[in-house]
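**Student:** My questions will all concern the structure given below.
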C-alpha cells in the first residue's frame, strides 16, 4: 500500500509540473527572544517543508486521508538542538528540551490557532497566533531549531521546521515567541 501511495504521489507531482502548476509552500517564521519585556534577539525567515509535511498536505487535502490530520485538530510548535533535514521524522529529532517550563506549544487547527487569513501578492496565506516558550526554574536550551509537528510526542508527523540564525538559550525568566505565516501559491 505504501508503494502505491508513493507512486501516486510522484505521478501527481510530475503532472502538476508538466502543466506548469507547481504548488509552492512558503512559510515565514518570526522568532523573538525576550528578556525583561525587551526583544534582545529576532530572527525572521523561511522554513523548510519536511517530506512528511508534503505528504500530509497531499494526502489530507486531495485524498481526504484523515490519518494525516493532526490528532485532536492540534499542531505543536517544538524546539530542539539539532540540525534537521527534509527527510527527518519526529523520532529522528535529537535534543528536545526537558523541564524548566518547556512544553510543546499548541497551535489549534482552526481560526484560534490561525486567526488571520489574508491575500498576499494574489495568494491566500494564514497567520498563526503567537506562541510563547517561557523558561522557569532554570534555562531552556540551547536550541537551534523550531519545528511544527502533529503531536507533542514522537508518534506524529514533522510538518515544517526553521533553523534559527544562531543558537539560543532561553534563560530563567526569558521567553521565546514564535509566529508563522503559511502560503500556498
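**Student:** I'm trying to understand the selection: among the residues of the stretch 68-102, which are outside any loop (DSSP other than H, G, I, E, B) and closer than 18 Å to residue 145 by Cβ?
**Tutor:** Once the filter is applied, which keeps residues that are outside any loop (DSSP other than H, G, I, E, B) and closer than 18 Å to residue 145 by Cβ, the stretch 68-102 yields 75, 76, 77, 78, 79, 80, 90, 91, 92.
**Student:** Something else: Condition test on residue 113, is it surrounded by 13 or more Cβ atoms within 10 Å (Cβ to Cβ) and either in a strand (DSSP E or B) or more than 15 Å from the chain's Cα centre (by Cα) (or both)?
**Tutor:** No: the conditions fail for residue 113.
**Student:** Please state which of the following conditions residue 173 fails to meet, knowing it meets all the rest: (1) at pLDDT 90 or above; (2) surrounded by fewer than 22 Cβ atoms within 10 Å (Cβ to Cβ); (3) within 15 Å of residue 78 (Cα to Cα).
**Tutor:** Failing condition for residue 173: (3).
**Student:** Yes or no: the stretch 56-72 includes at least one residue that is surrounded by fewer than 16 Cβ atoms within 10 Å (Cβ to Cβ) and in contact with a strand residue (DSSP E or B) (Cβ under 7 Å, 6 or more places away or on another chain).
**Tutor:** No: the stretch 56-72 contains no residue that is surrounded by fewer than 16 Cβ atoms within 10 Å (Cβ to Cβ) and in contact with a strand residue (DSSP E or B) (Cβ under 7 Å, 6 or more places away or on another chain).
**Student:** I would also like to ask the following. Which of the residues that make up the stretch 122-145 are under 16 Å from residue 96 (Cβ atoms) and either at pLDDT below 90 or assigned to a strand (DSSP E or B) (or both)?
**Tutor:** 131, 133, 140, 141, 142, 143, 144, 145
**Student:** Which condition number in (1) more than 19 Å from residue 45 (Cα to Cα); (2) over 13 Å from the mean Cα position of the chain (by Cα) is the one that residue 152 fails?
**Tutor:** Among (1) more than 19 Å from residue 45 (Cα to Cα); (2) over 13 Å from the mean Cα position of the chain (by Cα), the lone unmet condition for residue 152 is (2).
**Student:** Further question: Cβ-Cβ under 7 Å, sequence separation 6+ or interchain: first residue in the stretch 138-160 and free of Cβ contacts under 8 Å to residues at least 40 places away in the same chain, partner assigned to a strand (DSSP E or B). Which pairs?
**Tutor:** From residues that are free of Cβ contacts under 8 Å to residues at least 40 places away in the same chain, the pairs are 139/169; 139/170.
**Student:** Which one of these is in contact with a helix residue (DSSP H, G or I) (Cβ under 9 Å, 6 or more places away or on another chain) and not in a loop (DSSP other than H, G, I, E, B): 119, 148?
**Tutor:** 148
**Student:** Here's something else I'd like to know. Whether any residue in the stretch 151-161 is surrounded by 21 or more Cβ atoms within 10 Å (Cβ to Cβ) and out of contact with any helix residue (DSSP H, G or I) (no Cβ under 8 Å at 6 or more places or on another chain) is what I want to check.
**Tutor:** yes
**Student:** Just to be sure I understand the filter: pairs with C-beta atoms under 8 Å, separated by 6 or more residues or on different chains, first member in the stretch 96-120 and on the phi > 0 side of the Ramachandran plot and in contact (Cβ under 8 Å) with a residue 60 or more places away in the chain, second member surrounded by 14 or more Cβ atoms within 10 Å (Cβ to Cβ) and part of a strand (DSSP E or B). Which pairs pass?
**Tutor:** 100/140
The values are calculated or read from the model by the stated rules, or taken from the named source; none is laboratory data. Since we're looking at a predicted model, the values are computed, not measured. A quick note on method: Cβ atoms are made from the backbone with ideal geometry, for glycine too, and the neighbour counts reach across all protein chains shown.
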